[in-house]
Amino acid sequence: MNKHKDFWQITEDSLDKSMQVFKIDPSMRNELLDLYKVLSTFPEVKEVLSKLKKTKYKLAILSNGTPSLLNELVKSNNLNNIFDNIFSIEEVKVYKPDPKVYNIPIKKFQIQKNEVAFLSANTWDVSASGNYGFNPVWINRNNSIFDNLDYEPKYQVKHLGEILDII
């Protein structure tokens, strides 16, 4: 197959289909897409990230999202100057859970896989990153049951502040 479509195009395509299925007024399309660009963080996120920024740790985002979307989200949430880097799969043109994606920060920071604490609310991402060699932490805000996957994380937290007790 080896075809790549960026995340924003997939988002648009998915919204278009959903709008058709649920008979949503097409004139709302742009407004709905714009809402995706201003998703807000949970209340503790900025404070916890600011505390982590003052440590020896490098902070980064590793996402399937496009660079422009990720930058807009960082800016709209006032998280400028928090992250050492924002990594998008667009660098390798494949989506997580492909190992090429998890390798992006390894190459950039010239570190070992086991030096990475990888945080995600997505069980598939947690599992794949753990299989890759990262130390994943599952952000389980809803007290869910981990999906039946071949890797379960050592740590799970209900909110980001708990990460300060782990690292």
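The values are calculated or read from the model by the stated rules, or taken from the named source; none is laboratory data. Not measured: the values here are computed from a predicted model. Positions of Cβ are backbone-derived with ideal geometry, glycine not excepted, and every protein chain shown enters the neighbour counts. Note: areas computed on protein heavy atoms with side chains; ligands, DNA, RNA excluded. Shrake-Rupley method; radii C 1.70, N 1.55, O 1.52, S 1.80 Å.
Counting only residues that are outside any loop (DSSP other than H, G, I, E, B) and either of a type in the set (F, W, Y) or closer than 23 Å to N142 by Cα (or both), region 36-52 holds 6 of them.
Would it be correct to say that T66 is polar (S, T, N, Q), over 20 Å from N135 (Cα atoms) and under 13 Å from the mean Cα position of the chain (by Cα)? Yes, satisfied.
Within region 80-116, which residues are basic (K, R) and part of a helix (DSSP H, G or I)?
Within region 80-116, K100, K107, K108, K113 meet the criteria.
Criterion first (open to solvent by less than 20 Å² (accessible area, probe 1.4 Å) and not small (G, A, S)) does V94 satisfy it?
It is false that V94 is open to solvent by less than 20 Å² (accessible area, probe 1.4 Å) and not small (G, A, S).
Residues in region 34-50 that are open to solvent by less than 90 Å² (accessible area, probe 1.4 Å), of a type outside the set (D, E) and at pLDDT 95 or above: T41, V45, K46, V48, L49, S50.
Return yes when L79 is touching a helix residue (DSSP H, G or I) at 6+ places or on another chain (Cβ under 7 Å), surrounded by 16 or more Cβ atoms within 10 Å (Cβ to Cβ) and farther than 28 Å from K3 by Cα and no when it is not.
Here the answer is yes, as L79 does meet what is asked.
When the criteria are applied in full, D98 fails the requirement of being charged (D, E, K, R) and under 13 Å from the mean Cα position of the chain (by Cα).
Looking only at residues in region 20-37 that are without any contact (Cβ under 8 Å) to a residue 12 or more places away in the chain and among the aliphatic types (A, V, I, L, M), the one that is farthest from L73 (Cα to Cα) is V21. Checked against the criterion of being on the phi < 0 side of the Ramachandran plot, touching a residue at least 40 places away in the same chain (Cβ under 8 Å) and in contact with a helix residue (DSSP H, G or I) (Cβ under 7 Å, 6 or more places away or on another chain), region 49-56 contains one or more residues that satisfy it.
If you take the residues in region 114-167 that are polar (S, T, N, Q) and open to solvent by 80 Å² or more (accessible area, probe 1.4 Å), which one is farthest from A60 (Cα to Cα)? Applying the filter and picking the extreme gives N148.
Are any of the residues in region 24-33 β-branched (V, I, T) and either surrounded by fewer than 16 Cβ atoms within 10 Å (Cβ to Cβ) or closer than 26 Å to D150 by Cβ (or both)? Write out each step before concluding.
Within region 24-33, the first condition is being β-branched (V, I, T), and the residues that meet it are 24.
Add one more test, that the residue is either surrounded by fewer than 16 Cβ atoms within 10 Å (Cβ to Cβ) or closer than 26 Å to D150 by Cβ (or both), and what stays is 24.
Checked against the condition, which is being β-branched (V, I, T) and either surrounded by fewer than 16 Cβ atoms within 10 Å (Cβ to Cβ) or closer than 26 Å to D150 by Cβ (or both), region 24-33 yields at least one hit.
When region 136-167 is filtered for residues that are more than 15 Å from A117 (Cα to Cα) and in contact (Cβ under 8 Å) with a residue 60 or more places away in the chain, the ones remaining, listed by number, are R141, H159.
Can you tell me which of S63, S129, S88, S68 is farther than 27 Å from L35 by Cβ and hydroxyl-bearing (S, T, Y)? Can you show your working first?
On the way: S63 fails: farther than 27 Å from L35 by Cβ; S88 fails: farther than 27 Å from L35 by Cβ; S68 fails: farther than 27 Å from L35 by Cβ.
That would be S129, the only listed residue that is farther than 27 Å from L35 by Cβ and hydroxyl-bearing (S, T, Y).
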